[in-house]
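Trainee: Dropping a structure here in structure tokens format, bear with me for questions.
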Amino acid sequence: MTIQQADSTVVQQPQAVEEVGTTSPVQTEVRPAKPRYPYQVLRQLPANATPAQQDSAIQATFQPEVIQRSTRPDTLHIPGFGKGKDYRDVSLPQYYRETFFANDSLLHPELTAGRYGVAGDPVPYTVRNDNVITGLLLGCFILALLSFARTGGILLRQAKDFFFAPKIGTTTVSETTGEFRFQSFLVLQTCLLLALLSFFYANGYISETYVLASQYQLIGIYFAVILGYVLLKMILFSCINWVFFERKKIGQWSQFMLFIFSIEGILLFPVVVLQVYFDIGLKNTLVVSLIIIILLKILSFYKCFDIFFKRTSVFLQIILYFCALEILPLLSLGAVLVMIGNELKINY
């Protein structure tokens with residue numbers, strides 16, 4: 001094989017080959033078949049052939065043919081319907097020229113085809129990985145620390161006065177506006193923790209999916225209902241106590257009721273934290289929370305008797321008073337929270 005020019009290559013055909021095993025001097029010329037693939041042409045070139053020479057050899061061997069498309073009409077159409085129209089007809093409307101696969105990524109490689117491989121199973125939802133609930137608990141912890149720093153002395157004094165009532169005529173120290181404000185924050189913390197416990201109960205015993213856009217909306221609804229319950233309860237106590245009891249006793253009962261709400265939030269906080277991060281079991285969490293609430297109601301019953309009915313020695317009235325303003329509203333609150341969960345859940 002010889003190279004004639006730098007940018008072109010001529011493949012020299014082999015000369016006549018003498019047949020083996022014959023004594024006749026006749027020479028038979030063997031013409032190799034025309035290469036069908038480019039690699040066959042490249043194999044006939046020398047090893048030091050340049051890319052330009054390889055391209056010239058391939059162009060000399062293969063000549064592109066002009067493709068003439070058929071102009072005959074398409075007769076492959078559904079019997080009973082008219083012939084299909086050519087999609088290249090500019091008079092056709094856009095919806096006629098677009099097909100079902102017009103926007104398919106497989107038909108258009110320039111479009112993104114999505115992720116490769118098989119999607120894995122989503123990670124199941126857990127409360128400990130919920131950033132919002134973690135933020136709420138962290139906020140409750142910081143709020144409790146600030147409240148203790150400002151109202152720690154008044155809480156200790158109220159706890160002492162709760163079991164050891166001051167003597168008649170003893171001057172009592174009233175709360176300042178700042179202390180009352182921070183103690184009110186503890187009441188809000190109690191409402192939030194009760195809302196989280198209600199949310200845990202709803203997810204565990206009612207349903208895991210609701211018609212709401214987010215589960216945080218369910219927590220917000222529970223928080224609003226519990227806060228409304230606390231405000232309504234304080235209003236009812238104020239209205240009824242102003243009718244039957246003295247102003248001084250009403251003030252004492254209001255202070256101790258605020259103290260009970262604050263202590264309830266302080267005791268429920270570690271229970272909620274253990275449920276969220278250590279998974280002590282929803283049933284155990286609800287049982288411990290119920291025990292805390294019952295004990296605090298017993299203390300409220302004792303203080304109610306000590307303030308209002310100790311000197312009158314009337315037992316029937318305190319039972320009616322306590323059941324009407326403490327037990328029935330609490331049971332009604334539980335029923336309302338369960339009803340809200342049942343109404344908002346998704347029924348399949």
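Condition check ((1) among the aromatic types (Phe, Trp, Tyr); (2) closer than 23 Å to residue 338 by Cβ; (3) touching a helix residue (DSSP H, G or I) at 6+ places or on another chain (Cβ under 6 Å)) across all residues:
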{"residue": "217", "(1), (2), (3)": "no, yes, no"}
{"residue": "222", "(1), (2), (3)": "yes, yes, yes"}
{"residue": "229", "(1), (2), (3)": "yes, yes, yes"}
{"residue": "240", "(1), (2), (3)": "no, no, no"}
{"residue": "243", "(1), (2), (3)": "no, no, no"}
{"residue": "249", "(1), (2), (3)": "no, no, yes"}
{"residue": "264", "(1), (2), (3)": "no, yes, yes"}
{"residue": "268", "(1), (2), (3)": "no, yes, yes"}
{"residue": "281", "(1), (2), (3)": "no, yes, no"}
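Trainee: Of 40, 68, 27, 63, which residue is over 30 Å from residue 88 (Cα atoms), at pLDDT 80 or above and of a type outside the set (D, E, K, R)?
Mentor: Among 40, 68, 27, 63, only 40 is over 30 Å from residue 88 (Cα atoms), at pLDDT 80 or above and of a type outside the set (D, E, K, R).
Table: residues versus (1) at negative phi; (2) open to solvent by less than 70 Å² (accessible area, probe 1.4 Å); (3) small (Gly, Ala, Ser); (4) modelled with pLDDT under 75.
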residue: 118; (1), (2), (3), (4): yes, no, no, yes
residue: 123; (1), (2), (3), (4): yes, no, no, no
residue: 129; (1), (2), (3), (4): yes, no, no, no
residue: 134; (1), (2), (3), (4): yes, yes, no, no
residue: 139; (1), (2), (3), (4): yes, yes, yes, no
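Trainee: Only one residue in 336, 276 is at pLDDT 80 or above, under 26 Å from residue 138 (Cα atoms) and out of contact with any strand residue (DSSP E or B) (no Cβ under 6 Å at 6 or more places or on another chain). Which one?
Mentor: When all the criteria are applied, what remains is 276.
Trainee: Hey, another quick one. Find all pairs meeting these conditions: Cβ atoms under 8 angstrom apart; at least six residues apart or on different chains; first residue within the stretch 43-68 and in a loop (DSSP other than H, G, I, E, B); second residue among the small types (Gly, Ala, Ser).
Mentor: 44/57; 45/57; 49/57; 50/6
Trainee: Shifting gears a bit: Return the residues of the stretch 220-237 that are surrounded by 15 or more Cβ atoms within 10 Å (Cβ to Cβ), touching a residue at least 40 places away in the same chain (Cβ under 8 Å) and not charged (D, E, K, R); say none if nothing qualifies.
Mentor: 221, 222, 225, 226, 229, 230, 237
Trainee: Separate question: Confirm whether residue 156 is of a type in the set (A, V, I, L, M, F, W, C), modelled with pLDDT of 70 or more, open to solvent by 100 Å² or more (accessible area, probe 1.4 Å) and in a helix (DSSP H, G or I).
Mentor: So residue 156 passes the test.
Trainee: Just to be sure, is residue 318 more than 29 Å from the chain's Cα centre (by Cα), open to solvent by 40 Å² or more (accessible area, probe 1.4 Å), β-branched (Val, Ile, Thr) and under 26 Å from residue 232 (Cα atoms)?
Mentor: Spelling it out, it is not the case that residue 318 is more than 29 Å from the chain's Cα centre (by Cα), open to solvent by 40 Å² or more (accessible area, probe 1.4 Å), β-branched (Val, Ile, Thr) and under 26 Å from residue 232 (Cα atoms).
Trainee: Would you be able to say whether some residue in the stretch 262-279 is among the β-branched types (Val, Ile, Thr) and farther than 30 Å from residue 204 by Cβ?
Mentor: no
Trainee: In addition: Count, please, the residues in the stretch 238-287 that happen to be open to solvent by 30 Å² or more (accessible area, probe 1.4 Å), assigned to a helix (DSSP H, G or I) and farther than 17 Å from residue 192 by Cα.
Mentor: 18
Trainee: If a residue must be aliphatic (A, V, I, L, M) and open to solvent by 100 Å² or more (accessible area, probe 1.4 Å), how many such residues does the stretch 31-59 contain?
Mentor: 1
The values are calculated or read from the model by the stated rules, or taken from the named source; none is laboratory data. Here the structure is a predicted model, which means the values were calculated and not measured. Glycine also receives a Cβ, built like all others from the backbone with ideal geometry; neighbour counts cover every protein chain displayed. To get the accessible areas, we keep the full protein, side chains included, count just its heavy atoms, and leave off ligands, DNA and RNA. Shrake-Rupley method; radii C 1.70, N 1.55, O 1.52, S 1.80 Å.
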